[in-house]
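Peer 1: Okay, handing you the structure first.
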Ligand SMILES: Cc1cc2nc3c(=O)[nH]c(=O)nc-3n(C[C@H](O)[C@H](O)[C@H](O)COP(=O)(O)OP(=O)(O)OC[C@H]3O[C@@H](n4cnc5c(N)ncnc54)[C@H](O)[C@@H]3O)c2cc1C
């Protein structure tokens with residue numbers, strides 16, 4: 001059976017950065033890219049906040065560059081999904097969806113997380129043209145404009161207050177009559193003058209214009225689920241903040257996770273509860289969820305894997 005010193009699962013900023021560091025440390029990492037080679041950033045057109053790109057960069061291009069950089073030092077980057085990981089003994093046995101089996105002395109898990117969306121057809125249509133799941137990433141494009149956030153938890157409250165600093169007005173749409181967010185966050189939201197709460201409300205449709213590939217969102221139809229009353233709000237940005245799902249299904253029962261499925265890592269470290277297995281990027285981070293923080297923890301994981309082996 002094939003053996004590797006370091007298996008990296010995932011090819012987003014965390015996985016590729018781990019690969020750059022692990023390859024330069026001569027661990028000859030094997031990287032499995034998964035169903036989304038390049039990760040979440042391949043679904044966006046413009047990344048403006050990753051250091052080193054003064055003019056901004058196209059998401060897929062940035063991930064292509066990261067892949068090339070990892071390959072330059074000898075990372076073995078492969079198409080394929082890891083379907084099983086035996087964490088009970090080292091070296092760890094991993095299975096790939098094409099039937100390959102590998103033994104890995106260390107494993108870096110960088111499988112990311114997936115934003116949850118409402119599931120509306122019109123929402124899908126305007127993704128990248130006004131619909132976003134990340135205020136920190138895309139809020140800047142709506143400076144001075146009117147936007148809406150949908151959700152009622154801490155993330156929605158944080159996204160709404162972040163956007164309220166940038167935008168003219170923020171509608172916070174929530175299907176219940178009170179927020180689930182912490183009391184402190186609720187207080188902040190309810191006392192921010194340019195946030196208008198739309199209680200008991202659900203989004204029926206997102207509307208806008210389309211001309212060729214250019215899409216411009218200009219509103220949302222919101223329904224009050226108690227009265228049935230419909231209302232169109234005029235907005236240019238629509239932020240979905242109903243949570244993320246970490247891609248950890250294959251690690252259930254094998255690695256320690258929190259109650260929402262994020263992998264747990266030790267303080268100031270990427271070490272999981274199993275020695276020799278590390279986790280980097282969004283799969284272990286529900287707070288920041290940025291390319292730069294994913295890359296940062298990818299770097300940490302590779303350094304920790306190298307130190308563990310030596
Ligand atoms: C539309 C959009 C725009 C964004 N814009 C920005 C921005 O402007 N700036 C910014 O900093 N952040 C932005 N983000 C957030 C950023 O993309 C993420 O924080 C970052 O990509 C997380 O990196 P990651 O490496 O942890 O995981 P991801 O990028 O999620 O990558 C996960 C990888 O794991 C792989 N994988 C999953 N399961 C398996 C498996 N079983 N086997 C093998 N591989 C597997 C996937 O194929 C994928 O390659 C944006 C996100 C989205 C969705």
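Peer 1: Evaluate E = 1/(1 + (r/R0)^6) for residue 224 and residue 64, where r is the Cβ-Cβ distance and R0 equals 51 Å; express this FRET efficiency to the nearest 0.05. Don't jump to the answer; show the numbers that get you there.
Peer 2: On the way: r = 46 Å, r/R0 = 0.90.
Calculated transfer efficiency: 0.65.
Peer 1: With 10 angstrom as the radius, rank 75, 182 by how many other C-beta atoms surround their C-beta, starting from the fewest. Walk me through the numbers before you get to the answer.
Peer 2: Working: 75 26, 182 12.
Placing the least packed residue first, the sequence is 182, 75.
Peer 1: Distance from the Cα centre of the stretch 188-213 to that of the stretch 3-28, in angstrom?
Peer 2: 41 Å
Peer 1: Another question about this same structure. For each of 155, 114, 44, count neighbouring Cβ atoms within 10 Å of the residue's Cβ, then give the residues from fewest to most. Walk me through the numbers before you get to the answer.
Peer 2: Working: 155 23, 114 15, 44 18.
Ordered by Cβ neighbours within 10 Å, fewest first: 114, 44, 155.
Peer 1: With the Cα gyration tensor of the stretch 54-135 giving a ≥ b ≥ c as the square roots of its eigenvalues, does the rule (a/c under 1.5 for rounded; else a/b larger than b/c for prolate; else oblate) give rounded, prolate or oblate? Could you put the intermediate results ahead of the total?
Peer 2: Numbers: a/c = 2.85, a/b = 1.59, b/c = 1.80.
Oblate, because a/c is 1.5 or more while a/b does not exceed b/c.
Peer 1: A follow-up question, please. For the chain, what is the mean residue ellipticity at 222 nm derived from helices alone (per DSSP H run of n ≥ 4: -39500 (n - 2.57); sum divided by total residues; nearest 500 deg cm²/dmol)?
Peer 2: Only helices count here, giving -7500 deg cm²/dmol.
Peer 1: Still on this structure, I have one more. Assuming a ≥ b ≥ c are the square roots of the Cα gyration tensor eigenvalues, decide whether the stretch 117-240 counts as rounded (a/c under 1.5), prolate (otherwise, with a/b larger than b/c) or oblate.
Peer 2: Values: a/c = 1.87, a/b = 1.27, b/c = 1.47.
It is oblate, given that a/c is not under 1.5 and a/b is not larger than b/c.
Peer 1: Between the stretch 73-147 and the stretch 281-310, what is the separation of their alpha carbon centroids in Å?
Peer 2: 14 Å
Peer 1: Using the 10 angstrom Cβ neighbour count as an exposure proxy, how do 6, 299 rank, fewest first?
Peer 2: Values: 6 29, 299 18.
Least crowded to most crowded, the residues run 299, 6.
Peer 1: What distance in nm separates the simple spin-label points at residue 141 and residue 101, each placed 7 Å from Cα in the Cβ direction?
Peer 2: The answer from the label model is 4.7 nm.
Peer 1: Given 0.36 nm per residue, what is the gain on full extension from residue 114 to residue 93 after removing their alpha carbon distance, in nm?
Peer 2: On the way: separation 21, 0.36 × 21 = 7.56 nm, distance 2.57 nm.
Between residue 114 and residue 93, full extension yields an extra 5.0 nm.
Peer 1: Who wins for biggest fluctuation among 39, 208, 119 in a Gaussian network model of the chain, springs between alpha carbons below 10 Å?
Peer 2: For the chain, modelled as a Gaussian network with Cα springs under 10 Å, the answer is 119.
Peer 1: Could you check the spin-label model distance between residue 269 and residue 210? Points 7 Å from the Cα along Cα→Cβ, value in nm.
Peer 2: Using points 7 Å along Cα→Cβ, the separation is 5.1 nm.
Peer 1: Still on this structure, I have one more. Evaluate the distance, in nm, between pseudo-label points positioned 7 Å from the Cα of residue 2 and of residue 182 along their respective Cα→Cβ axes.
Peer 2: 4.5 nm
Peer 1: Taking a ≥ b ≥ c as the square roots of the Cα gyration tensor eigenvalues, with a/c under 1.5 meaning rounded and otherwise prolate when a/b beats b/c, else oblate, which class fits the chain? Intermediate values should be presented prior to the final figure.
Peer 2: Values: a/c = 2.29, a/b = 1.89, b/c = 1.21.
It comes out prolate by the Cα gyration axes.
Every number here is computed from the coordinates shown, using simple stated rules; none is lab data. Since the model is a prediction, treat every value here as computed from it, not as a measurement. With ideal geometry, Cβ positions are generated from the backbone for all residues, glycine too; neighbour counts draw on all protein chains shown.
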